[in-house]
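Peer 1: The structure follows.
The values are calculated or read from the model by the stated rules, or taken from the named source; none is laboratory data. As the structure is a computational prediction, the values presented were derived from the model and not from experiment. Heads up, the Cβs are rebuilt from the backbone with ideal geometry, glycines too, and the neighbour counts pull from every protein chain shown. Side chains are part of the model used for accessible areas, which takes the heavy atoms of the whole protein and leaves out ligands, DNA and RNA. Shrake-Rupley method; radii C 1.70, N 1.55, O 1.52, S 1.80 Å.
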Amino acid sequence: MTNIGIILGSTRPNRNGPQVARWVRDTAARRGDAEFELIDLIDHPLPHLDEPVAPMFGPSAHEHTRAWAARIAPFDGFVIVTPEYNHGAPGVLKNAIDHLYAEWVDKAVGFVSYGVSGGVRAAEQLRLVCGGLGMAVVGRQVALSVLTDFENYTTFVPGDQHETALHALLDQVIAWTDALAPLRQADRIDPVGARS
């Protein structure tokens, strides 16, 4: 069965992300068309990118990166839950993405974002990053406002329209993930000529 990772992209204290990520996971789990697992970046501390060689050129020299790669590699696609900090994605999320290459290629990804303006600018930045990694970025998105979707800016209370939007996003992620399966299974050559 298709295996989708739900990446929680914030590690700051008192973050709203765990509520959102659990809602995504619990809503998705009722579907039955894929398996969903939560991946919290707080459980995978990574230093600022410290690889002597770019991830696209081969295996990591560091155990922390190899452990992160082993965590991400089994998934067929992803939903990234991201806040928006200062009109952008959290540095910890970008850093986690930058530590890997082959583990992202030919996998679908969708975004559930939150912030004062729904986190849309963070998601737009991540669309460019993920597209550059050879991921299929789906068009659907869930954008949650801390002004209207959180009581007192802290307690997540999603409206029915967000569940509808989430299912539309998951439909696309799963469809693209399944469509890309032959590419993930094939013995391909990446752009720099190394076998992946």
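Peer 1: For K107, list long-range residues whose amide hydrogen, built 1.01 Å from N in the peptide plane, is under 5 Å from its own amide hydrogen.
Peer 2: A136
Peer 1: So how far apart, in nm, are the two label points at E35 and A179 if each is 7 Å from Cα heading toward Cβ?
Peer 2: In this crude spin-label approximation the distance works out to 2.5 nm.
Peer 1: On the accessible surface of the chain, probed at 1.4 Å, how many percent belong to carbon and sulfur atoms?
Peer 2: Using a 1.4 Å probe with all protein chains present, the chain comes out at 54 percent carbon and sulfur.
Peer 1: On to the next question. Using the heavy atoms of the protein chains alone and a 1.4 angstrom probe, what is the accessible area of region 85-196 per residue in square angstrom?
Peer 2: 47 Å²
Peer 1: Between D40 and residues 5 or more places away or on another chain, which pairs have amide H atoms under 5 Å apart, with H built 1.01 Å from N, and which residues are they?
Peer 2: L8
Peer 1: Once fully extended, how much extra length lies between R12 and N95, figured as 0.36 nm per residue of separation less the alpha-carbon to alpha-carbon distance?
Peer 2: My answer for the length gained is 28.4 nm.
Peer 1: Mark the label point 7 Å from the Cα of D171 along Cα→Cβ and return the residues of region 124-143 whose backbone N is within less than 18 Å of it.
Peer 2: Residues passing the 18 Å test: 137-143.
Peer 1: All other residues with a Cβ under 14 Å from the Cβ of V137 taken together, and with Lys, Arg as +1 and Asp, Glu as -1, what is their net charge?
Peer 2: Within the 14 Å Cβ shell, the charges total +1.
Peer 1: Still on this model: Sequence-distant or interchain residues sharing an amide H contact under 5 Å with Y114, placed H: which?
Peer 2: Close amide H contacts, sequence-distant or interchain: T82, E84, L144.
Peer 1: Here is a further query. From the backbone phi of region 38-44, what are the Karplus-calculated ³J(HN,Hα) couplings (6.51 cos²θ - 1.76 cosθ + 1.60, θ = phi - 60°) in whole Hz, Gly and Pro given as x?
Peer 2: Each residue's phi maps through the Karplus curve to give 7, 10, 9, 4, 5, 8, 10 Hz.
Peer 1: Averaged across orientations, what area in nm² does the convex hull of the alpha carbons in region 116-160 project?
Peer 2: With every direction weighted equally, the projected area is 3.7 nm².
Peer 1: Any chance you could run the full-extension gain for E151 through A61? It's 0.36 nm times the residue separation minus the Cα-Cα distance, nm to one decimal.
Peer 2: 27.9 nm
Peer 1: Can you say what percent of the DSSP beta bridges in the chain, counting only those with both residues inside, are antiparallel? Round to 5.
Peer 2: 15 percent
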